[in-house]
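Computed from the coordinates by the stated procedures, all read-outs in this text should not be read as laboratory data. Bear in mind the structure is a predicted one, so any value in this text is a computation, not a measurement. Cβ placement follows ideal geometry from the backbone for every residue including glycine, while neighbour counts extend to all protein chains displayed.
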Amino acid sequence: MSAKECIRQLGALEKQLAALYSLKEKQLQEEFAEDDYGGGEHGSYRTEAIKSFRASNATWRQYRDTQCWFLSLQDGMNLNYAGVVAEACKVERTRERINSWK
């Protein structure tokens, strides 16, 4: 797979993942709709759950990118080729993430 194809696929997968995240946030909004849910006041539990969900997703993306770059370099491959391998890895990891949320 070429770097351009990886980037194209990753873009499409990122859109799917964003849609799943949006759906999950709506579910959290509904699940914790009562203002005093979990002993919190004025929706603080709901706010904290969504904040934590977003942080978790951002951390996952950072881990994915860092892990894929490391995996592409660990065997000492050429930096130009390593970039393509890292992008292909991101595509695969993002597919796995989407499947885990379905």
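Miscellaneous remarks
- Estimated 222 nm signal from helices in the chain, with DSSP H stretches of n ≥ 4 weighted -39500 (n - 2.57), rounded to 500: -29000 deg cm²/dmol
- Loop-resident GluC sites (Glu not before Pro) (DSSP state other than H, G, I, E or B) in the range 1-86 with no more than 16 further Cβ atoms inside 10 Å of their Cβ: GLU34, GLU41.
- Relative contact order of the chain, defined on C-alpha pairs under 8 angstrom at six or more residues apart (%): 39 percent
- Maximal additional length on extending the ASP75-ARG95 stretch stands at 4.8 nm, based on 0.36 nm per residue less the C-alpha distance.
- Our coupling estimate for the range 53-62, obtained by passing each phi through the Karplus curve with A = 6.51, B = -1.76, C = 1.60 and θ = phi - 60°, is 4, 5, 5, 4, 5, 5, 5, 4, 4, 5 Hz, Gly and Pro reported as x.
- Residue list for the range 35-59, given a label point 7 angstrom along the Cα-to-Cβ vector of GLU25 and an amide N cut-off under 16 Å: 46-59
- At 0.890 mPa s and 25 °C, Stokes D of the chain from Kirkwood alpha-carbon radius, µm² per second: 159 µm²/s
- Label reach from ARG8 (point 7 Å along Cα→C-beta): in the range 70-102, amide nitrogens under 15 Å belong to 88.
- Cα centroid of the range 16-31 to Cα centroid of the range 68-102, whole Å: 26 Å
- Ranking THR66, LEU79, TYR37 by Cα position along the charge dipole of the chain, where only Lys, Arg, Asp and Glu carry charges on their C-beta atoms, puts LEU79 farthest toward the positive end.
- Unpaired by the 4.7 Å Cβ criterion, cysteines found in the chain: CYS6
- Applying both filters, DSSP loop and at most 14 other Cβ atoms within 10 Å, to the trypsin sites (Lys or Arg not before Pro) of the range 1-70 eliminates every site.
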